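What follows is calculated from the coordinates using simple rules that are stated; it is not laboratory data. Being a predicted model, the structure only gives us computed values, none of them experimental. Note: ideal-geometry Cβ built from the backbone for every residue, glycine included; neighbour counts use all protein chains shown.
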Amino acid sequence: MSRKITKAVFPVAGLGTRSLPATKAVAKEMLPIVDKPLIQYAVEEAIAAGVETMIFVTGRNKNSIPDHFDKSYELEKELEKSGKTELLKMLRGLLPPHVSCAFIRQTEALGLGHAVHCAKPLVGDEPFAVILPDDMIEDGGRGCLQQMVEVFDDQQCSILGVERVDPKETHKYGIVEHNEISSRVGRLQSIVEKPRPEVAPSNIAVVGRYILTPAIFKKIETTGRGAGGEIQLTDAIAALMQDEQVLSYEFEGRRYDCGSKFGFLLANVEYGLLHPEIGSEFSAYLKQRCENL
Ligand code: G1P
């Protein structure tokens, strides 16, 4: 029987040091791109891919994330009283009724592999998705995870979302080597976490989208500390690859690294231009502004 992806894990315990001081008191996943927090975009991408259970691996100072997805009785009452029905509808639609959220704490910051392993009791013995909300992917309709789920439905194995990056930037990513099996899909030959450009096997980088079989949990358990002294998901995937097929998938779309100030700003500009309410006004402003640079 073929298996379906119904659960997604969001590792959101990170401190967001690259975005300080904005993230001193605010969870980095709650920073807005135009008018929605990053985590909302990530959850919407998961919903579009058919995910029904959102599993957040949280940490200290992240209470705003469960708050965001909770029903807000006071706010809804106020909006109802003042007749703001459109706002009320938008608020109620943030999470469709068939979708549920679960929260589990990562009590120590031991790395991405460790964070994913924290979700094991909630994931169980099923294949699942992992989304890193920092990596926002604009796709013009077919979400990145949805594209990957389509490949999973056919192949029933672990799949990593990848993209070609500037060869000088390999030290920021998990880097893979693969054998192409079609224009976007490759069979993984090797994977290494944050190699320096001189030793990187390619410039094909893993972005924050994964579909993993539950066998990954055993591999994480036997993965020692790797790059940066952390338990790396990349190292567990390297071990998984020895037992099972792992695929890479070059997604259609544009990624913004919202954990960096520049990427965050780019995402705000691009999503501002696409926004139904302010897009045309913002575009006119930008055109005028650029003439005066
Ligand atoms: C993590 C992963 C890395 C991946 C990257 C994508 O790194 O460890 O393999 O390429 O996410 O954003 P981080 O950015 O958390 O250091």
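Here are the numbers for the structure shown:
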| quantity | calculated |
| --- | --- |
| For the stretch 58-141: relative contact order, % (alpha-carbon pairs under 8 angstrom, 6 or more apart) | 29 percent |
| Potential lengthening between GLU108 and SER64 on full extension [0.36 nm per residue; Cα-Cα distance subtracted] | 13.9 nm |
| Using alpha-carbon coordinates, inclination of helix 279-291 to the longest axis of the chain, degrees | 80 degrees |
| Whole-number percent relative contact order across the chain, with pairs defined as alpha carbons under 8 Å at least 6 apart | 22 percent |
| Spin-label proximity, GLU277 to the stretch 35-56 - amide N less than 20 Å from point 7 Å beyond Cα toward beta carbon | 35-45 |
| ³J(HN,Hα), Karplus 6.51/-1.76/1.60, whole Hz, each residue of the stretch 229-244, x for Gly, Pro | x, 10, 7, 8, 4, 3, 5, 5, 5, 4, 6, 4, 4, 6, 9, 9 |
| Sequence-distant aspartates and glutamates (8 or more away, or on other chains) whose Cα lies within less than 18 Å of LYS219 | ASP125, GLU126, GLU193, GLU230, ASP235, ASP243, GLU244 |
| For VAL246, residues with placed amide H under 5 Å, excluding near neighbours | LEU188 |
| Virtual spin-label span in nm between LYS71 and ARG3, 7 Å along Cα→Cβ | 3.4 nm |
| Set of lysines with alpha-carbon distance to LYS36 below 23 Å, sequence-local pairs under 8 removed | LYS7, LYS24, LYS28, LYS62, LYS71, LYS77, LYS84, LYS89, LYS261 |
| Mean Cα-pair separation over length for the stretch 170-220, i.e. relative contact order, pairs under 8 Å, 6 or more apart, % | 41 percent |
| In order through the stretch 80-97: 3J(HN,Hα) via Karplus (6.51 cos²θ - 1.76 cosθ + 1.60), integer Hz, x for Gly, Pro | 5, 4, 8, x, 8, 5, 5, 4, 4, 5, 4, 4, 5, x, 4, 9, x, x |
| Between 0 and 90°, nearest 10: helix 144-155 axis offset from the chain longest Cα axis | 40 degrees |
| Residue exposure sequence - THR23, THR6, THR222 - by fewest surrounding Cβ within 10 Å | THR222, THR6, THR23 |
| Cα-based shape type of the stretch 115-213, given that a ≥ b ≥ c are square roots of the gyration tensor eigenvalues and the cut on a/c is 1.5 | prolate |
| Karplus 3J(HN,Hα) series, Hz, for the stretch 136-141 with 6.51 cos²θ - 1.76 cosθ + 1.60 (x for Gly, Pro) | 9, 10, 8, 10, x, x |
| Viscosity 1.306 mPa s, temperature 10 °C, Stokes-Einstein D of the stretch 142-293 from Kirkwood C-alpha radius, µm²/s | 92 µm²/s |
| Inter-part distance where the stretch 246-293 and the stretch 166-213 are each reduced to a Cα centre, Å | 25 Å |
| Inter-label distance, nm, simple model (7 Å from Cα along the C-beta direction), GLN155/THR17 | 3.4 nm |
| Likely footprinting exposure, TYR41, TYR210, fewest C-beta neighbours within 10 Å first | TYR41, TYR210 |
| Alpha carbon centroid spacing (whole Å) that separates the stretch 93-142 from the stretch 1-49 | 8 Å |
| Shape category assigned to the chain from the gyration tensor of Cα positions, a/c cut at 1.5 | prolate |
| Fewest-first sequence of HIS68, HIS98 by Cβ atoms within 10 Å of each Cβ | HIS98, HIS68 |
| Distance in nm between pseudo-label sites at ASP243 and GLU52 (7 Å out along the Cβ direction from Cα) | 2.8 nm |
| Chain lengthening between HIS98 and HIS171 when straightened (0.36 nm per residue, less Cα-Cα) | 22.3 nm |
